[in-house]
Structures are given as structure tokens and as C-alpha cells.
Number of protein chains: 4
Amino acid sequence: MNQERKLKVIQSTNKLGRPRDTSRDLVIIETTLRHLTLYGYEALSTTEIAKDAGVSKATIYRRWPSKRFLIIDAFKTLPRLEVPNTGNLEGDLKDLLDQLHFLFTSTYVLPVLQILTGEMSHDEVLQEELLPWLEERYYPGRAIIERAIEKKELPEDIDLETAQSIVVGPLLTMVSYSKTNIDEEVLTNLFNFILKALNYKSEEPE
Amino acid sequence: MNQERKLKVIQSTNKLGRPRDTSRDLVIIETTLRHLTLYGYEALSTTEIAKDAGVSKATIYRRWPSKRFLIIDAFKTLPRLEVPNTGNLEGDLKDLLDQLHFLFTSTYVLPVLQILTGEMSHDEVLQEELLPWLEERYYPGRAIIERAIEKKELPEDIDLETAQSIVVGPLLTMVSYSKTNIDEEVLTNLFNFILKALNYKSEEPE
Amino acid sequence: MNQERKLKVIQSTNKLGRPRDTSRDLVIIETTLRHLTLYGYEALSTTEIAKDAGVSKATIYRRWPSKRFLIIDAFKTLPRLEVPNTGNLEGDLKDLLDQLHFLFTSTYVLPVLQILTGEMSHDEVLQEELLPWLEERYYPGRAIIERAIEKKELPEDIDLETAQSIVVGPLLTMVSYSKTNIDEEVLTNLFNFILKALNYKSEEPE
Amino acid sequence: MNQERKLKVIQSTNKLGRPRDTSRDLVIIETTLRHLTLYGYEALSTTEIAKDAGVSKATIYRRWPSKRFLIIDAFKTLPRLEVPNTGNLEGDLKDLLDQLHFLFTSTYVLPVLQILTGEMSHDEVLQEELLPWLEERYYPGRAIIERAIEKKELPEDIDLETAQSIVVGPLLTMVSYSKTNIDEEVLTNLFNFILKALNYKSEEPE
DNA sequence: CAGTAATCGAGACGGTACGTCCCGTCTTTAT
DNA sequence: ATAAAGACGGGACGTACCGTCTCGATTACTG
């Protein structure tokens, strides 16, 4: 599972000579994330990152072919959603919303995702590189729904694609475009909305 | 209402001298939108826009202080949501989803919004400039919900902020991160999900 | 004689309409000379001259086809050498050196001449325009020599071209490249040098 | 002595990193001299020089802070007068006039000197930078006169400043403002004029 | 004495150079 | 071979000026 978080740096092909200092990888990535969040994609400069990270530009370009790929790799080091497994849909959904809330408010995920989404809009290479990877992050949404269907907590004929967009979309939109503080109450409202949207019947009353 | 769509170009200070050629404003804006969609924020070059629009750089910088403000203004010329008024929530929601679908698939709105969202993440000026304006676009979502509450089509205690995020969020997320084609069926699924989420009871109690 | 000093402004061909305001010619020329002396050829800007002279750029370009010709015309308004006629070469030469000294230290002539000399070096149009006119200024040097030859004050076989360069050249070079103050003594030294160079024999064989 | 001819390029501050390619200095200087002579100060464009020299603008601006200083440096690479030492004033003066003639007709010296003289007229920085350096070129004139005084070839009380202006001034003025071809005869005339002006007595006839 | 037309100041226009900065590559010495 | 340092060609930035143009207002002559 950690496997997937490995950096996609260009690997050295040669075994001769001085070996790469892998600690540099991390410093560069961290500096990149910081700059990206502070200045955005355009104002981000490899020259500046190199200075700030105490690294030469060659050291950066030896690992990544361009600014774009450095940023992609930086993004991929960010924390990801974990598939919840609480036993029922209610618990799983609550857990997922909490995870999303955490990612969007306490990590670099939101700004970097937004910046890369902007870049993806006109960059097919970036799309091909990132979309499958983003699906991984979505997967938890889909996974808990599939499990709920198996358990008959949800009707069989539910459309997975739409269903998972209902789980992630509203929260992402709120953190992106609303100044409203996302507190426990909002999360609870959202939780209820989603359950109702999915036609979830609480197990007990039956 | 059209007032708000007026370009925020730097206005000439007095009435002396040769007046600005307003037709240039439009050519520049259109060229900008085209380039923005094709090349993105970073690769967008005022030098190129000037050449392509058959205009001098001075003519651009006379109107907008920098690339960033040119893009903001370009965004503001894009079509907006209109408040539906079909008589009931079902009709309004259907209309709204159709409008959103159209905006996201047949206009420049989606890429430009994504690019600007990325820029907003680290640029407070841009946020202050754009967020209130985006709220305008959201407003239709809120408006139809408020109207439905008045008409008792929806329960009174519904949270507006969350509710409107349910209307726009899933679709925006789908068009941004899913390769799924958004067809009539998907829209219908979404429509049903939203109505259920909002606890909407069809008027004719079947 | 004043004929030659007339400005070469483009004349209005039409007798209809509002007549040119000739007072503008002078204001522009004077502002040009001031700016030329203060800022030089390159930094001289018609935009700035227009502002400073309280005139529009069109008013300038209606009279002169370009910056270059404006400057030429400005130069031509500067005072010129007058042919001395004191009765003998000694008096004439003294008078001429005094005139040159005055032109070089109390008027705009020196800086403007230097600037235009620099421009002439690579601009044939300017050469053709200015060289004959400069010869006019030289002419006094040649004139007094020719007169002295006629009067047998100077040998017949003297080379006019070289002779006049001896009259003007040293002083021009000194004011251009030496920080030495040109006082009465220097002028007297120069005066004596020149007379000796020309093989002048004082009439009253002392 | 060669020390003084070294370019005043902005020196790299330390010995780390890729060293400056000094061959670029030369290409840039040569291109500058060519353009200066062809197009003059104003029309000279660093952008064009860069293109023509196959060099980037950064490479130019890394070495010189502006066009002006590039030109100054270019001027300083031009050949200079050498102090003649033939044994007597006659030989030295002949040699000097020949050198001047060569410099003014077969090198870039004249146009560049004229252009810089024009710029100096309103630019104190340039004056302070160039005048002492020009004095070096004059020095040969002064040097041969001083030597002649020591040798009693010339009277003791001669004014050096004026005397050297007689050596250089007439020729400079002729090449600047006269279309006359400067041939052997003109040089001989000038030579004789100068010797007479300085009161030189040929050694032998005595 | 109203109509006409060139003039005026102001400033917009296309074009182009300025000097700065960044990209991604290359070249040096040291490890 | 890798490291830091920084030079390299290329090219965009935002500013400023050139010489042209277009606007409303002014100012003489014409009819």
C-alpha cells in the first residue's frame, strides 16, 4: 500500500559513481508543496525551489523532467483516503466524511488538487497521469457503497458513478467556494442528505 | 442585472482624446478565453494574445493591469445560470441541472473555472474578487430551494448552504474527475438523488 | 540672411480652415533644445516634449516628419558665426575666436553639435542635410583667410581646407575633451599659434 | 598598460559554478561596434545584438548593466595611439598624424568617438568614465611635445594644453565635417602648419 | 453671419525595444 | 556519477516611446 506512494523520480541507471542522495528527494518535494501552496503553479519557480531547498537545479532536473512532473510527484506524496470498515454504511460514511474534512482543512491536499485540476483542463498528459490516481482516492466512496449494496443496505440498482459523486462532490464544492466554516453540524447535515439520497434504510426500525 | 456583467476594465479618466475602441475589449477577451482553454494559465502569454488578436500589448495593458485581471474579466463574460421558475421544485431542479450540464460541456466555463479555482487557492485578491461573483452563480441553487421551502415543498429546517452544495457539487465533481459521459440518464439519477436528499415529497401523494 | 535661418517646417498647403499657430513652432523648438541638452538624443522623447511644451504630438508631427528633423531644425535656429571685418587678419581672427568661444560656452551650440555629429556618423540623410549648413558656419574661417591672401597678409599657396581646420579645430577639441577652462590666456595662445601656423607676418615690421 | 584596456564587464563574484565564456564577451563587443557604426546609438538594440551575436539577452546583461556601458566597453577595445619615439619632433609628429589618420579612416574609432561625445554632453557619468580615458589617447600628443621641450627643440614657455589641441584638433575636425579626402598632401600641410605654430626650428640649418 | 475645414489638445492605436526573470540545459570543481 | 553553483539560449513580462489615428472643441476664412 505504501508502494503506491513511492516517488516517480527518474531512477539512476548506473551503478557507478557517487550514489544519489535520496534525502534530497524529500526536501525538494516538501519545498515544492510549500511553494505551490503559497504561490501557485505559475509563480512557482524551480530556480526558487532550488535556492530554498539548498539544492542545485541540476539535482531537481536529474529527478524530474520538468516542473509539471515535479508537482505531480509532490501531489502524490500527500495523504490519501483509507477505505473505512466499520461494519455498516452509516459508520463508513461518517468516517469517510471525517477523512475528507481532515484532508481538505489540515493538509496541502486541497490547494494542490485545485491547482492541478486547473492544469489538467488543458493538459492531456496531466489528465492521463492524474485521473486514474484520483480514482484511487474516490475508490473509498465507491467501495463502501458497493459493500452496502452487497449487504442489502442499499438498493441494487443504484448508479455507482453518480452515487460516489454525491459523497465527495458537495464537500469539495463547499470547501472550494463557500466561506462557511465546515463544522460538525454541517458534516452531520451532509451525512443525512447523502444517506437519504442513497435511499438508505436504517437497520434497526425494521 | 446586466450591470454586473460589465467588464472591469480600467476606465479612461476623462472624456478628452480619442476614445477607447470598445470592440477591442471583446476581441481581446475572446482571444484570451480561447488561449486559456487551449494552453492554460501558465502558458497564456499576453504577447501571443496581442499578436493573435491583432492588437498591441499597450492596448491590453491600458485596460487590465496584468494577465490575472484580464483572465478574471474574461471569466466574467461567460454565460451564467438563470434562476428557473417553472412552478415547482421538480421543474426548477431539472432546469438547473440542464443549465449546469450545458455550461460545463458547451462553454468555456469549466476549464476557466477550474483554472481560476486553482489560482484562488493562494491568491486572496482573486478570492475577494471572484467568490462573491461565484455566489451569484450559486444563487439559483439557493433560490429554488428557498422558494420550495416557502411553498412547503421542502421542510423548513433544511440547511441552505449544504443543500445547495448538493445541487451543484456532484455534477461539478463528475465533469472534473470522471471520464463518464454525462447523459440524460446520469442527470436523471442525479435529479432523483437530490430530491430524495432534500426530503422532497411529490405534491400528488401517489 | 535671416532667410537661411527660417525653419524648415512642413508648410500647410491649404488656405482653408484654421491657420497654423506659428507661436507653437518656437515653443516646440525651444523645448526640444532644452531637452536635447538635458537628456541627449536617445532619451529625447516627442511625447515628453509635447507634454512639456503644452502641445499635442499631432502638432509636432504636422510640422516635422520625425524626431530627427525636429532636432535638425532646432539646431538651425541656434546662433551662427558672423564674418568679421575688422580690416586685417589679426582683428578678424581675434573676433572669430571670441565668437567661437561664446558659441561654445554660452549657447546650446556645443552639445547639440556634438549630438548631431554623433548621429551624422551613420546617417547619410543627416549628413546631406547638415554638412553644407555647417560649412556656412565654417565659411567665416575660410572667408577671413581668403581675404588675407588677397591683401597679401598670407602667402598665396596656402591650403584653405587645412587652414580653416586650424582655426576651428583646436578650440572645438579643447571644449569637447578638456576640462581646462578656456580663458583669455588660452585664447591668446591659440591666436598666436594660428597666426604662426599660417605664416602671418605682422604688417608693421616691428 | 594592457591592464587599462581590460573590459569593465561585471565580474562574477566567486569561483563556483560554470565560468563565464569569455569568447562571448568578444562576439558581443564586435557585434556592438558593427551595429553602432551601422545604425548609431539610438537605433542600436540589445535585442538585435543578442540575435545577431547568437547570444541571449541575459548573457549581455550579465556583463553590462545597460546599453550605455556596453558601448563604453566596446569603445575601449578599439586601438589606441602609441607614443612615437623616432628621435626628434619632426619624426614623432609625422608618426602621430599617420596614426590618427589611420584610426580615423580605417577603424571604428571615429564614429564611436563621435557618438560617445554626443552622449557625454549631457551625461556626467559618461564624462567621468571617458574623459580620463581619452586623455590617455591624447597623451602621445603631449608626450612628444614635452620631450621636444626637454630636447630644446621647442621653446620652454609653450602651453601644453593648447599645443596638443593643435596636434589633434584640426585633423579630427576635418574628418568630422569636411568631405575632403585626407591624403598625403593634406597631412603634409597640416604637419607644416603644426610645426610652424609650435615655433619649431629645424635642427640642421642652424 | 452661418457653414466649412484645417487646426488645436488629448490620448488611443500597432509596433517594437527595454531590462528583468524563469525554464530546462550545460559546464565547471569538489566529493 | 552526483553535488552546488551558476552561465547559457530562448522567450514572456509589464513599461515606455514612436509615428499615426481619431475624437470634440476652436478659429479663421468663405459664400
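We did not get these values from a lab; they are worked out from the coordinates using the rules stated. Because the structure is predicted, anything quoted here is derived from the model rather than measured. As a convention, Cβ positions derive from the backbone with ideal geometry for all residues, glycine included, and neighbour counts pool all protein chains shown.
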Separation of the stretch C:66-90 and the stretch B:128-197 by C-alpha centroid, Å?
-> 84 Å
Computed over the Cα atoms of the stretch A:20-76, what is the ratio Rg over Rh, Rh following Kirkwood?
-> 0.91
In degrees from 0 to 90, rounded to the nearest 10, what is the angle of the helix D:184-197 Cα long axis to the longest principal axis of chain D?
-> 60 degrees
Lys pairs in chain B with Cα under 13 Å (8 or more apart in sequence, or on separate chains) total 5
Innermost chain D residue relative to the axis carrying D onto B, by Cβ distance in angstrom | D:Thr47, 7
Candidates A:Ala58, A:Ala50, A:Ala143: whichever shows maximal mean-square fluctuation once chain A is modelled as a Gaussian network with Cα springs under 10 Å = A:Ala58
In degrees rounded to 10, the 0-90 angle between helix A:67-76 Cα long axis and the longest Cα principal axis of chain A is 40 degrees
Could you list log10 I(q)/I(0) for the stretch C:89-197 at q = 0.22, 0.23, 0.24 Å⁻¹, which the Debye formula gives when each Cα is one point scatterer?
-> -1.28, -1.35, -1.41
May I ask for log10 I(q)/I(0) of chain D at q = 0.08, 0.12, 0.18 Å⁻¹, from a Debye sum over the Cα atoms as equal point scatterers with solvent left out?
-> -0.35, -0.71, -1.24
Footprinting proxy, D:Arg63, D:Arg142: sorted fewest to most Cβ within 10 Å, the residues are D:Arg142, D:Arg63
Selected from A:Pro132, A:Pro19, A:Pro111 as most flexible by GNM, with chain A as the system and alpha-carbon contacts under 10 Å | A:Pro19
Rounded to the nearest 10 degrees, what's the angle between the helix D:160-177 long axis and the longest principal axis of chain D, both from Cα atoms, 0 to 90?
-> 60 degrees
Across peptide B:33-42, what mean number of C-beta atoms from other chains lies inside 10 Å of a residue's C-beta?
-> 4
Considering every residue in C:109-121, what mean count of other chain Cβ atoms within 10 Å of its Cβ is obtained?
-> 6
Counting pairs of Cα atoms in the protein assembly as shown, how many percent are more than 55 Å apart?
-> 42 percent
Computed over the stretch B:126-178, Cα set: Rg, Dmax in Å = 13.0, 38
Enumerate the calculated ³J(HN,Hα) couplings along the stretch C:145-154 in order (Karplus 6.51 cos²θ - 1.76 cosθ + 1.60, θ = phi - 60°), each rounded to whole Hz, writing x wherever the residue is Gly or Pro.
-> 6, 4, 4, 5, 5, 3, 7, 6, 6, 10
Given label points at 7 Å from Cα along Cα→Cβ, what nm distances, shortest first, separate C:Thr47 from the same residue in every other copy?
-> 1.4, 2.0, 2.6
What residue among D:Lys15, D:Lys152, D:Lys94 has the largest mean-square fluctuation in a Gaussian network model of chain D, using Cα springs under 10 Å?
-> D:Lys15
Partner chain Cβ atoms within 10 Å, averaged over the residues of C:172-182 - can you pull that number for me?
-> 6
